[in-house]
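The values are calculated or read from the model by the stated rules, or taken from the named source; none is laboratory data. Treat the numbers as computed from the prediction; the structure is a model and nothing was measured. Don't worry about glycine lacking a Cβ; one is built from the backbone with ideal geometry, like all the others, and counts go over all protein chains shown.
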Amino acid sequence: MSGQLTVGTISAFLIYATQFARPINDMASVLTQLQSAAAAAERIFALIDAEPESNDKNLPDLAAKGGRIDFKDVYFSYDKKTPLIENLNLTAMPGRTVAIVGPTGSGKTTIVNLLMRFYDVDSGVITIDSQPEESVNRDSLRRHFAMVLQDTWLFCGTVHENIAYARPDASDDEIIAAAKSAHADSFIRRLPKGYDTIIAEDGGNLSQGQKQLLTIARAMLADPEILILDEATSSVDTVTEQRIQRAFLKMLENRTAFVIAHRLSTIRSADLILVMKNGNIIEQGTHEELLSAHGFYYELYNA
């Protein structure tokens, strides 16, 4: 405005400033890619260096009769320098529900990983109906479990196929019966093609609650002796949670069950509640017993 600069001078200045900044931006972009590549390479090398699972095809099948589970003097840690679970002793009686609560990182999901033999214990033993897990093959062990997780895994296919994944030889009547038990039949029949409706990849055309009900129906169709529910209602609204809770009550009948939950309202009716902290069981009992003790569970519940 004072006439000391022309439009051309301003344009030249802006062009030079852009040219000066471009290589700096390019260097920052390359550095970001190098960091991502280094992180990916670390994971790849960790996978390559991991010891393969032992071959257990020659071991006998698990002969589960009731579903009693015992943890005896179990020690485990992902990193040998950082202890996690130490001297864990636990008994889950057949047909009873064991709830596991505690803050993030306390070892709740680790117990499930050990139970399913995704990891082997460092020491101690886990038995199912008095049979040590290491003495049976993993395939037969896992056939006696059904899991309902927070992450609702569905694949691109029909509703019928997604439920039947638990038992491919199941009849249509058995699949419909499982869906009814899971309170999923009503919404399935409202879909454009009912049980023949194609589900998008990862269930993109269904709500979170509907996807969860389908995974419950799948678990019901499997009809296992032992059931694992890991944060299965943490990402749904309260109304949907009530429907899922009704499905769970039906599902838990006469089964040994492990329920992991942040929402303590979902585990009030459990036969035994284990309160974990830093890999150790610091409290155990029923809902009423733990509240009356005014301990860590009492603080979690009122928080």
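I'd like to check something: does segment 136-148 contain any residue that is under 14 Å from GLN210 (Cα atoms) and either out of contact with any Phe, Trp or Tyr (no Cβ under 7 Å at 6 or more places or on another chain) or not β-branched (Val, Ile, Thr) (or both)?
The answer is yes, given that some residue of segment 136-148 is under 14 Å from GLN210 (Cα atoms) and either out of contact with any Phe, Trp or Tyr (no Cβ under 7 Å at 6 or more places or on another chain) or not β-branched (Val, Ile, Thr) (or both).
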> Given the conditions (1) touching a Gly at 6+ places or on another chain (Cβ under 7 Å); (2) at negative phi; (3) in a strand (DSSP E or B), and given that PRO94 satisfies all but one, which numbered condition is not satisfied?
Replying inline: (3)
> Can you pull out the residues in segment 51-77 that are modelled with pLDDT under 85 and over 25 Å from ALA257 (Cβ atoms)?
Replying inline: GLU51, PRO52, GLU53, SER54, ASN55, ASP56, LYS57
>> If I filter segment 169-188 for residues that are modelled with pLDDT under 85 and touching a Cys at 6+ places or on another chain (Cβ under 9 Å), do I get at least one hit?
In response: no
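Sort through ALA46, ALA28, ALA50 and tell me the only one that's more than 30 Å from ASN137 (Cα to Cα) and not acidic (Asp, Glu).
Unique residue meeting the criteria: ALA28.
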> What are the residue pairs meeting all of these: first residue in segment 234-254, first residue closer than 19 Å to LEU272 by Cβ, second residue at pLDDT 70 or above and among the hydroxyl-bearing types (Ser, Thr, Tyr), Cβ atoms under 6 Å, and 6 or more apart or on different chains?
Replying inline: LEU252/THR97
> Only one residue in ARG218, ARG255, ARG268, ARG246 is modelled with pLDDT under 85, more than 17 Å from PRO103 (Cβ to Cβ), surrounded by 15 or more Cβ atoms within 10 Å (Cβ to Cβ) and among the charged types (D, E, K, R), so which one is that?
Replying inline: ARG255
> Condition test on ASN58, is it assigned to a loop (DSSP other than H, G, I, E, B) and of a type outside the set (Asp, Glu)?
Replying inline: yes
> Restricting attention to segment 130-140, does a residue exist that is basic (Lys, Arg) and over 27 Å from ASP79 (Cβ atoms)?
Replying inline: no
> Does segment 271-303 hold any residues that are at pLDDT 80 or above, on the phi > 0 side of the Ramachandran plot and either of a type in the set (D, E, K, R) or part of a loop (DSSP other than H, G, I, E, B) (or both), and which are they?
Replying inline: HIS294
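Give the residue that is farthest from LEU90 (Cα to Cα), with candidates limited to residues of segment 32-64 that are among the charged types (D, E, K, R) and exposed (fewer than 12 other Cβ atoms within 10 Å of the Cβ).
Just the residues of segment 32-64 that are among the charged types (D, E, K, R), to begin with: 42-43, 49, 51, 53, 56-57, 61.
Applying the additional criterion that residues be exposed (fewer than 12 other Cβ atoms within 10 Å of the Cβ) yields 42-43, 49, 51, 53, 57.
Numbers: GLU42: 36, ARG43: 34, ASP49: 33, GLU51: 28, GLU53: 26, LYS57: 28 Å.
If we take residues in segment 32-64 being among the charged types (D, E, K, R) and exposed (fewer than 12 other Cβ atoms within 10 Å of the Cβ), then GLU42 is farthest from LEU90 (Cα to Cα).
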>> Suppose we filter ALA184, ALA200 for residues that are more than 30 Å from ASP70 (Cβ to Cβ), surrounded by fewer than 17 Cβ atoms within 10 Å (Cβ to Cβ) and either assigned by TED's automatic domain parsing to the domain that holds LYS80 or not basic (Lys, Arg) (or both); which single one remains?
In response: ALA200
> GLU161 is checked against (1) over 22 Å from the mean Cα position of the chain (by Cα); (2) without any contact (Cβ under 8 Å) to a residue 40 or more places away in the chain and fails just one. What number does that condition carry?
Replying inline: (1)
> So how many residues does segment 33-55 have that are part of a loop (DSSP other than H, G, I, E, B) and free of Cβ contacts under 8 Å to residues at least 60 places away in the same chain?
Replying inline: 5
> Which members of segment 65-91 meet the condition of being surrounded by 11 or more Cβ atoms within 10 Å (Cβ to Cβ) and of a type in the set (Lys, Arg)?
Replying inline: LYS65, ARG68, LYS72
>> Going by what's in this entry, would VAL148 be described as modelled with pLDDT under 85 and in a strand (DSSP E or B)?
In response: yes
> Would a scan of segment 95-104 turn up a residue that is exposed (fewer than 10 other Cβ atoms within 10 Å of the Cβ) and either at pLDDT below 90 or under 24 Å from the mean Cα position of the chain (by Cα) (or both)?
Replying inline: yes
